[in-house]
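Down below is the structure, laid out as structure tokens.
The values are calculated or read from the model by the stated rules, or taken from the named source; none is laboratory data. On a predicted model such as this, the values are computed, not experimentally measured, just so you know. Note that we place each Cβ from the backbone using ideal geometry, even for glycine, and neighbour counts take in every protein chain shown. Please note that ligands, DNA and RNA were not included when accessible areas were found on the heavy atoms of the full protein model with its side chains. Shrake-Rupley method; radii C 1.70, N 1.55, O 1.52, S 1.80 Å.
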Amino acid sequence: MAKVCFLLDNGYEDSEMKNPYDAVNEAGHETVVVGIEKGAELKGKKGTVSYTSDLSISEVKADDYDAVIIPGGSAPEALRVNDEVVQFVKQANEQGKVIAGICHGPQVMISADILKGVSATSYIGIRDDLKNAGSTFLDQEVVVDGNIITSRTPKDEPAFIKEILNKL
């Protein structure tokens, strides 16, 4: 079974964390919540769920994971300004690991400079950011390009989760 890293900070979109996290666990894979700090309580923006980070970003290596999932909301903005997060995602991509981001999640991929020449989707508000990063923006519920999986909004979660599980 796969070992899956969920990159998380406060303000994530509740369902974009909960639903993929639950589905990956139910499929029998190992899940690890990674935040800026270990042991931090990380709350969703709607307040319906919270998670405690199992590890800090400084404790993890891309070698140790098969996939990285980045929920949306405002959390990706906080994650993308952390150099260790950016390097982790860049290294995971270089190793061909699955990297999945929904809604604003692709912001971390943009900062890691891994979307050049890749077809992707996201929340419409960051469409131009994807294009400026060299990505081809596709307005679809889910886009899979090699090891990269992207989706737009909570309504696209079923397709997003399905593709993650297919890759794992």
What about residue 18, is it surrounded by fewer than 20 Cβ atoms within 10 Å (Cβ to Cβ), within 23 Å of residue 142 (Cβ to Cβ) and within 13 Å of the chain's Cα centre (by Cα)? yes
Restricting to the range 48-58, what's the tally of residues that are open to solvent by 60 Å² or more (accessible area, probe 1.4 Å), under 20 Å from residue 13 (Cα atoms) and out of contact with any strand residue (DSSP E or B) (no Cβ under 6 Å at 6 or more places or on another chain)? 1
For the range 23-45, give me the residue count where each residue is in contact with a strand residue (DSSP E or B) (Cβ under 9 Å, 6 or more places away or on another chain), open to solvent by 30 Å² or more (accessible area, probe 1.4 Å) and outside any strand (DSSP E or B). 6
Going by what's in this entry, would residue 91 be described as polar (S, T, N, Q) and under 20 Å from residue 31 (Cβ atoms)? yes
So, restricting to strands (runs of 3 or more DSSP E) that lie completely within the range 57-168, which ones have at least 1 residues that are touching a residue at least 60 places away in the same chain (Cβ under 8 Å)? 67-70, 98-102
